[in-house]
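Enquirer: Got a structure for you, questions after.
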Amino acid sequence: MKFIHTKKPTLVPFSILFIALISLSFIYLKKDDSIEEALLMERYENDTTASAVIISDVGRSFFNFDHPAYGLELVFERKIIVKIFDSDGYGWADFYIPLYIGEKNEEDVVDLKGFTYNLLDGKVEKTKLSKESIFEEKTTDDYKQVKVTMPDVREGSVFEISYVVSSPFVFNLQSWTFQKSIPVIYSEYQAEIPEYLEYNKNVRGYFPIADHQIKERMSTIGGKPSSNAQHFTRTNQSSATINFVENVETWKTYDIPAFTDEPYMTDADNFKTAVTFELAYTRFPNGTIENYTTTWEDINRKLMELDKFGKALDRTGFLKSVMPVALGSAGSEDEKIANIYNYIHAKLKWDGKNSLFTSGNLKSVHEDGIGNSADINLLLIAMLREAGIKTFPVALSTRDHGMIFPTNPTITSFNYLVAGVIRDDQYLLIDATEPNAPLGIIPYRCLNGVGRLLDNQGGQWINVSSKPEKEKTIVEYSFDLEEERISGTHNHIYCDQAAYGFRNEYASEEGSRTFKENMEKVVSGLGINSVAFEKMKELQEDPSSLCELNLEDHFTSTGDVIYFNPLFFDAMKSNPFKLEKRDYPVDYGVPSDDFYYAKINLPEDYAVESVPEEISIILPGRAAEYVYSAKVVGNFISVRSQLKINQTVFTADHYADLKNFYDLIVKKQSEQIVLKKV
């Protein structure tokens, strides 16, 4: 991490003549009374629970044709003002500016300024951002970021940050996100694009743009020699004036509510209101059109020609000596696939990094025994092909990377790949990064719609799914209900995706102790006397945990009457869906089936006064189902509870039904059994 010195922007004044007047919002931000008004705010009336609010966030992108180093420069200006209400909002005082790194040039931040304002004894105290609070750090091979920590931020503070990003990359026109995790009172973005460049625009999100304007204006270049003259004339001198059209597009939003993360959703940026850009083509005078848009078939070809992707599969001579060890005595294709999968598990360790591209050649990855997801899965593909098994790379996007939009072909849509093996006219998807996942189980992070299978015919879309495509758990209790406490056994069986997750968390030597500590920490009054795991190493089997336990304070005794919840600590305490209205889909990733059965032995001298009524709730199309029953059988009570989610994605139109479905479950699972002494 190093200190970054701020500097004045290297822009040539008046290089683009006839610049339009700065928008009123920029003028508004310069008024001192706007800061004083923000300091006096005690809360945001539209969301009184907000820990902070963005007073205004204004950005502008335009082009300078006369940068001394690289000619055509893309310039992005931004100014943001934030009000902090309480300590939960302090995190906004750490501000990050992402910057793209190319092969020869990179983006840079210039003219970075910041001030924090506090109201002391009725007067505004202004603290300037110091150089010691500005840092630059590299985050990936393609990006770095400037981190800013605002000074003297406390409850009631207001801070403002303004900066300029100078970019040589015309393809990297800044996107703009109007909606944040805190409310935004005002947000505006303006893009000023010369007629020589064309971008495809994508406006997404559920909160509407309040004001959208498009206009044209005449602008001028010229008056002196230009380092970018080759774009406009066949001569080496460009002192003549050149007139051109600029397309000015402005988006404005007002009083945008905070975006609330809820369970069962993919990357939140998929749903926040935003505008993004993709360079379609450039068309400069005296030049030909240069197209930058592409097709998925072109992306297929480009990926297969890259050294860190397709070409890596051609440099596998080292596998000749590896394959006999990996295959062992395997004869059938199924045995070969299983043995190669197990070999990679034993030989390589995933470094935790998601990637579409290898970090080096596959031979080095094999020798080092560690690599990113592409290293491991490309090696898997190479070995399966070496064994004569028809296998293809399948490029995809993880859930935290965002959705793939088939109408917007870009390589950056992908950040991961798995192997696709043809089995019985279908594709078996295999990911070898997770040592605790059986063959065919795709990690939950990868279950995000479709992936692109890459082949010599241009590729095709396939659904990214796990085999089997569900998550299932079975919980069985046998409890003795005594007058002082509850004791008995608890057996939990984990299947499919649940099995992989359970092994990931508890497969270590300390797993049973960690399991005991976690359970006792979460469940008040729980004491676990012993824990035994079964089938933890047999990946094709369902692992289980068997506990002997006792429970304190899980029933209420009033005179001759005992009340208790027969689901004990497995009852759903609250609805996972809190919003009254949700504009984006609920995405479970995989179907699920959670089955609970309890046998509760009754104490002597007590009889059952009442049990909860049976219930069966079914959403239309059997998208989700819940059944509950409690029955008296001799001297014990049998309780059954089963929740099945059969449909993986619920649109916003069905959110109310789903929320009500969970409300009914929570209500039912809170009901108690009543015993009375006889």
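Enquirer: If a residue has to be without any contact (Cβ under 8 Å) to a residue 24 or more places away in the chain and of a type in the set (K, R) to count, how many in the stretch 637-678 make the cut?
Expert: Total satisfying the criteria: 1.
Enquirer: Which of the residues that make up the stretch 360-397 are surrounded by fewer than 22 Cβ atoms within 10 Å (Cβ to Cβ), polar (S, T, N, Q) and touching a residue at least 24 places away in the same chain (Cβ under 8 Å)?
Expert: Passing the criteria: only N361.
Enquirer: A further question follows. If G287 satisfies all but one of (1) at pLDDT below 95; (2) farther than 16 Å from N361 by Cα; (3) surrounded by fewer than 18 Cβ atoms within 10 Å (Cβ to Cβ); (4) in the same structural domain as R385 (by TED's automatic domain parsing), what's the number of the condition it fails?
Expert: Of (1) at pLDDT below 95; (2) farther than 16 Å from N361 by Cα; (3) surrounded by fewer than 18 Cβ atoms within 10 Å (Cβ to Cβ); (4) in the same structural domain as R385 (by TED's automatic domain parsing), only one is false for G287: (4).
Enquirer: For the stretch 85-104, give me each residue that is among the small types (G, A, S) and closer than 19 Å to Q179 by Cβ.
Expert: G89, G91
Enquirer: In the stretch 206-233, which residues are modelled with pLDDT of 90 or more and under 30 Å from T260 (Cα atoms)?
Expert: Within the stretch 206-233, F207, P208, I209, A210, D211, H212, Q213 meet the criteria.
Enquirer: Identify, from the list E297, E305, the residue that is under 30 Å from F277 (Cα atoms), under 27 Å from the mean Cα position of the chain (by Cα) and of a type outside the set (S, T, Y).
Expert: E297
Enquirer: Within the stretch 533-562, can you find the residues that are exposed (fewer than 14 other Cβ atoms within 10 Å of the Cβ) and either within 15 Å of E609 (Cα to Cα) or over 38 Å from the mean Cα position of the chain (by Cα) (or both)?
Expert: Correct list: E552, D553, T556, S557, T558, G559, D560, V561.
Enquirer: Here are some residues: I486, I474. Which one is aliphatic (A, V, I, L, M), buried (at least 20 other Cβ atoms within 10 Å of the Cβ) and under 17 Å from A571 (Cα atoms)?
Expert: On the way: I474 fails: buried (at least 20 other Cβ atoms within 10 Å of the Cβ).
Going through I486, I474 in turn, the sole match is I486.
Enquirer: While we're here: Test L447 against the stated conditions and say whether it is more than 30 Å from Y563 (Cα to Cα) and touching a Pro at 6+ places or on another chain (Cβ under 8 Å).
Expert: Spelling it out, it is not the case that L447 is more than 30 Å from Y563 (Cα to Cα) and touching a Pro at 6+ places or on another chain (Cβ under 8 Å).
Enquirer: I need a count of the residues in the stretch 609-636 that are exposed (fewer than 13 other Cβ atoms within 10 Å of the Cβ), closer than 22 Å to K472 by Cα and free of Cβ contacts under 8 Å to residues at least 24 places away in the same chain.
Expert: 1
Enquirer: Testing I493 on (1) touching a residue at least 24 places away in the same chain (Cβ under 8 Å); (2) more than 19 Å from R640 (Cβ to Cβ), one condition comes back false. Which one is that?
Expert: It fails just one condition, (2).
Enquirer: Please specify each residue of the stretch 523-540 satisfying the condition of being on the phi < 0 side of the Ramachandran plot and either charged (D, E, K, R) or in contact (Cβ under 8 Å) with a residue 24 or more places away in the chain (or both).
Expert: Selection gives V523, S524, L526, G527, F533, E534, M536, K537, E538, L539, Q540.
Enquirer: Can you confirm whether V82 is in contact (Cβ under 8 Å) with a residue 60 or more places away in the chain, under 27 Å from the mean Cα position of the chain (by Cα), under 17 Å from T177 (Cβ atoms) and assigned by TED's automatic domain parsing to the domain that holds Y163?
Expert: Yes: the conditions hold for V82.
Enquirer: With the condition kept exactly as written, say whether any residue in the stretch 234-251 is β-branched (V, I, T), closer than 30 Å to Y189 by Cβ and modelled with pLDDT of 95 or more.
Expert: Taking every residue of the stretch 234-251 in turn, at least one turns out to be β-branched (V, I, T), closer than 30 Å to Y189 by Cβ and modelled with pLDDT of 95 or more.
Enquirer: Follow-up question, since we're still on this one. Can you tell me which of (1) in contact (Cβ under 8 Å) with a residue 24 or more places away in the chain; (2) under 25 Å from the mean Cα position of the chain (by Cα) is the one R485 doesn't meet?
Expert: (2)
Enquirer: E132 - would you say it is part of a strand (DSSP E or B), assigned by TED's automatic domain parsing to the domain that holds R60 and touching a strand residue (DSSP E or B) at 6+ places or on another chain (Cβ under 8 Å)?
Expert: no
Enquirer: Still on this structure: Search the stretch 414-441 for residues that are at positive phi and free of Cβ contacts under 8 Å to residues at least 40 places away in the same chain and pair each with any residue that is buried (at least 20 other Cβ atoms within 10 Å of the Cβ) and assigned to a loop (DSSP other than H, G, I, E, B) when their beta-carbon atoms are under 9 Å apart and the residues are at least 6 apart or on different chains.
Expert: G440/S466
Enquirer: Between a residue in the stretch 443-465 that is over 25 Å from G352 (Cα atoms) and any residue that is assigned to a loop (DSSP other than H, G, I, E, B) and of a type outside the set (F, W, Y), which pairs come within a Cβ distance under 8 Å, given they are 6 or more apart or on different chains?
Expert: W461/P406
Enquirer: While we're looking at this one, here's another question. With E290, E278 as the choices, which residue is closer than 30 Å to S61 by Cα, without any contact (Cβ under 8 Å) to a residue 24 or more places away in the chain and of a type outside the set (G, A, S)?
Expert: Exactly one of E290, E278 is closer than 30 Å to S61 by Cα, without any contact (Cβ under 8 Å) to a residue 24 or more places away in the chain and of a type outside the set (G, A, S), namely E290.
Enquirer: OK, next. Considering only residues that are more than 12 Å from Q672 (Cβ to Cβ), modelled with pLDDT of 90 or more and hydroxyl-bearing (S, T, Y), which ones fall in the stretch 538-566?
Expert: Within the stretch 538-566, S544, S545 meet the criteria.
Enquirer: What tally of residues in the stretch 637-673 results from selecting those that are surrounded by 18 or more Cβ atoms within 10 Å (Cβ to Cβ) and either of a type in the set (A, V, I, L, M, F, W, C) or assigned to a helix (DSSP H, G or I) (or both)?
Expert: 15
Enquirer: Do you know which of the residues in the stretch 398-430 that are of a type outside the set (A, V, I, L, M) and under 17 Å from R385 (Cβ atoms) is surrounded by the fewest Cβ atoms within 10 Å (Cβ to Cβ)? I'd like the intermediate steps shown before the answer.
Expert: Filtering the stretch 398-430 down to residues of a type outside the set (A, V, I, L, M) leaves 398-402, 405-410, 412-416, 420, 423-427.
After this cut, where a residue has to be under 17 Å from R385 (Cβ atoms) as well, the list is 420, 423, 427.
Values: G420: 24, R423: 15, Y427: 23.
Here the residue is R423.
The values are calculated or read from the model by the stated rules, or taken from the named source; none is laboratory data. These figures come from a predicted structure and were not determined experimentally. Please note: Cβ atoms are built from the backbone with ideal geometry, for glycine as well, and neighbour counts cover all protein chains shown.
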